[in-house]
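Asks: Supplied in structure tokens, the structure appears directly below.
The values are calculated or read from the model by the stated rules, or taken from the named source; none is laboratory data. Worth saying up front: this structure is predicted, and the values here are computed from it rather than measured. Here the Cβ positions follow ideal geometry from the backbone for every residue, glycine too, while neighbour counts run over all protein chains shown. Keep in mind that these areas ignore ligands, DNA and RNA; they rest on the heavy atoms of the full protein, side chains included. Shrake-Rupley method; radii C 1.70, N 1.55, O 1.52, S 1.80 Å.
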Amino acid sequence: MKNYFFLSFLALALLSACSPKPSPTSDDPVEEETITELPMKQLDLSSLPTQNPGWSEVGSLCYDLQGTAEIQTESGSGLLLSLGAEDGSISLLNTGIDHQDLDLALEFLLSEAGSVELLLQGKYLVDLNDSWNNAQTYCGSIAGQAPSVNAVKAPGLWQQFSASFHAPDFDEEGNKIADAYLSDVLLNGMPIFNKITLSEDEASQTGPFQIRASAN
């Protein structure tokens, strides 16, 4: 059976660390730049720098909730759709965004047994899968760790996910001094992680935000 994955929007808030402005002399006071709001980026396929086979953009869709797993779509923009490849291979969405700290908010819809993975910096995994009536795995598992509550909705219903990603810290020599972590992780308005550390031996200061979906 083919699985579907839809994004109603993907809003990314890219946060740069506050940094002092350069000063003409060491005696001058350092003026720190204060960030008052985060720049938001909304994704659409036409804005992406690379081709993304297996993904398309539609204006609206109707998903059958009566068991036939059929969809009807209308042309337009605003919804990113992955039908998965016919051979079952992974459909990778390259957003063209390399990020450090990242605030992420998205709405998604899964088909029955559907699954999609968010890759933060191309390596830190968030699994959004259909765990409705499934006691083996929970939607929102992060780096292999399941949340304490199964907050998923039934397949065919729109769902919400949001989290704040904090990139790893490095010293002046490039040595990692603190792991990355996710905080304020919400699934459908319910906290599923307050804070979860993301350990990675080959950590980097920046990396790509990607989404991959597969068809079973």
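Asks: List pairs: first residue in the range 159-174 and of a type in the set (Ser, Thr, Tyr), second residue at pLDDT 95 or above and assigned to a strand (DSSP E or B) anywhere in the structure, Cβ distance under 7 angstrom, at least six positions apart or on different chains.
Replies: SER162/LEU186; SER164/LEU182; SER164/SER183; SER164/ASP184
Asks: Restricting attention to the range 78-90, and to residues there that are buried (at least 18 other Cβ atoms within 10 Å of the Cβ) and either touching a helix residue (DSSP H, G or I) at 6+ places or on another chain (Cβ under 6 Å) or modelled with pLDDT of 80 or more (or both), which single residue is farthest from ARG212 (Cα to Cα)?
Replies: LEU79
Asks: Now a separate question. Is there any pair with a first residue in the range 189-216 that is basic (Lys, Arg) and modelled with pLDDT of 95 or more and a second that is loosely packed, with under 15 Cβ neighbours inside 10 Å and assigned to a loop (DSSP other than H, G, I, E, B) whose Cβ atoms are under 6 Å apart and which are 6 or more apart or on different chains, and what are they?
Replies: Listed pairs, sorted by first residue: none to list.
This table checks each residue for (1) outside any strand (DSSP E or B); (2) of a type outside the set (A, V, I, L, M, F, W, C); (3) within 23 Å of SER47 (Cα to Cα); (4) within 16 Å of the chain's Cα centre (by Cα).
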site	(1), (2), (3), (4)
GLY96	no, yes, yes, yes
LEU106	no, no, yes, yes
LEU109	no, no, yes, yes
ALA113	yes, no, no, no
VAL116	no, no, yes, yes
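Residues are listed down the side, and each one gets a yes or a no for (1) touching a strand residue (DSSP E or B) at 6+ places or on another chain (Cβ under 7 Å); (2) in a strand (DSSP E or B); (3) at pLDDT below 60:
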site	(1), (2), (3)
SER26	no, no, yes
ALA69	no, no, no
GLN72	yes, yes, no
GLY76	yes, yes, no
LEU92	yes, yes, no
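Asks: Taking the range 55-64 as the search range and keeping residues that are within 18 Å of the chain's Cα centre (by Cα) and open to solvent by 40 Å² or more (accessible area, probe 1.4 Å), which one is nearest to GLY76 (Cα to Cα)? Steps first, answer last, please.
Replies: We begin by selecting, within the range 55-64, every residue within 18 Å of the chain's Cα centre (by Cα); these are 55-57.
This time we only want the ones that are open to solvent by 40 Å² or more (accessible area, probe 1.4 Å), so: 56-57.
Numbers: SER56: 10, GLU57: 7 Å.
Here the answer is GLU57.
Asks: Next question. Would you confirm, using the coordinates I've provided, whether SER46 is out of contact with any His (no Cβ under 7 Å at 6 or more places or on another chain), modelled with pLDDT of 65 or more, under 30 Å from LEU182 (Cα atoms) and open to solvent by 60 Å² or more (accessible area, probe 1.4 Å)?
Replies: Values: out of contact with any His (no Cβ under 7 Å at 6 or more places or on another chain): yes; modelled with pLDDT of 65 or more: yes; under 30 Å from LEU182 (Cα atoms): yes; open to solvent by 60 Å² or more (accessible area, probe 1.4 Å): yes.
Judged against the criteria, SER46 is a match.
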